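Enquirer: Shown below is the structure under consideration.
Each reported figure results from applying straightforward, stated rules to the coordinates on display, with no laboratory input. Computed from a predicted structure; not experimentally measured. Cβ atoms come from the backbone with ideal geometry, glycine included; neighbour counts cover every protein chain shown.
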Amino acid sequence: MSEENLRIGILSRKASLYSTRRLKEAAEERGHHVRVVNPLRCYMNITAKKPKVMYGPEELHFDAVIPRIGASITFYGTALVRQFEVMGAFCLLESQGIARSRDKLRSLQLLSREGVGLPITGFARSPQDIPGLIELVGGAPLIIKLLQGTQGKGVVLAETTKAAESVIAAFQQLDANILVQEYIKESKGADLRALVVGSRVVAAMERTAAPGEFRSNLHRGGTAEPVKLTLAEKNTAIRAARVMGLSVAGVDLLRSNRGPVVMEVNSSPGLEGIENTTGVDVAGEIIGYIEDHTHSVTDKDRSADKSPAPGGRGSPAPAAADENE
């Protein structure tokens, strides 16, 4: 293998998924050696002298790792990414960034601390606080979100105060943790998805909900078209990814009367919708970012040590069936 070629591992439970397939194709087109491995089939030797990641009887050595970690395996997946970080591989997404993005409450608290625009959001535990929680976010209509929900699941639009009280009480009886957010009426059922790579928004689309639906997710019948973001929208998306510690992120925004507000920061954004909508080679942009942040380190390491030990290093924070396709 020449020094120009990288050994890239894609952590994905299904090689046929669009995002996994496109990342593999984009890397191979640039001459890199790519392997898709199921993160749940990896096991680890975490001893201090020589940490290892095993895949069956084989020890894995990668210069760079692309995590496509599904939400249901966040704990094991982030542990595996940490192991590769310890071994010196360049990880496109840091384990800590993935964990932050999967905790909706923590991510909103971190974004709020850094002054990133957000919808008014409330969080409470006691049924006695339901009226105050509803008033906090400006009353009905309002959005109720399960903290564990993904891809629009566990998200309810309550159009009246009575409906909001009933839904919140039902979730609390089930011992479910929820967030209550203001409903941004002026967004009119549309949101923005900004795909951030490094310090740039490389592609963006506007998603519009299907008739009778308030969630704009494409797999729920929403439609999408390319959109030109304002400077404020670009800066908000880039800041949100940076606060999460993610070098690649799908940032969902709403256009409100007070400027762009962040709905969610996704650490494993699906590429199919945004590539097909915008025509941008997002997978190629991601591989280019890996090249820019891996070559200088792997070259130096290999010149100092010609053994077959893996090159690279841990990923610097700039800025998952389960992948968010």
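Enquirer: Round to the nearest 0.05 the FRET efficiency obtained for T47 and F75 when R0 = 22 Å and r is the Cβ-Cβ distance.
Expert: On the way: r = 21 Å, r/R0 = 0.95.
E(calc), rounded to 0.05, equals 0.60.
Enquirer: With a 10 Å Cβ neighbour count serving as the proxy for reagent exposure, in which order, fewest first, do T74, T160, T208 appear?
Expert: By the 10 Å Cβ count, ascending, the order reads T160, T208, T74.
Enquirer: Arrange L254, L93, L174, L40 by Cβ neighbour counts within 10 Å, fewest through most, would you?
Expert: Details: L254 21, L93 28, L174 9, L40 13.
Listed from fewest to most nearby Cβ atoms, that is L174, L40, L254, L93.
Enquirer: Please list, by residue number, everything in the range 75-99 whose backbone N is under 13 Å from a paramagnetic label point 7 Å out along Cα→Cβ of E114.
Expert: Under 13 Å, as judged by backbone N against the label point of E114, lie 97-98 of the range 75-99.
Enquirer: So if I take the centroid of the Cα atoms in the range 1-79 and the same for the range 259-296, what is the distance between those two points in Å?
Expert: So the two Cα centres are separated by 18 Å.
Enquirer: So, one more: What FRET efficiency would be calculated for the residue pair Q96, K228, taking the C-beta separation as r and a Förster radius of 25 Å, to the nearest 0.05?
Expert: After rounding, the FRET efficiency stands at 0.15.
Enquirer: Under a plain spin-label model, where a point goes 7 Å from the Cα along Cα-to-Cβ, how far apart in nm are Q148 and K14?
Expert: Rounded to a tenth, the inter-label distance reads 2.1 nm.
Enquirer: For a quick check: sort C91, C42 by the number of other beta carbons within 10 angstrom, fewest at the front.
Expert: By the 10 Å Cβ count, ascending: C42, C91.
Enquirer: Given axes a ≥ b ≥ c from the Cα gyration tensor, I'd like to know whether the range 58-211 is rounded (a/c under 1.5), prolate (a/b larger than b/c) or oblate.
Expert: prolate
Enquirer: Also, I was wondering about something else. Under a plain spin-label model, where a point goes 7 Å from the Cα along Cα-to-Cβ, how far apart in nm are N257 and K162?
Expert: Taking the two extended label points, one gets 2.8 nm.
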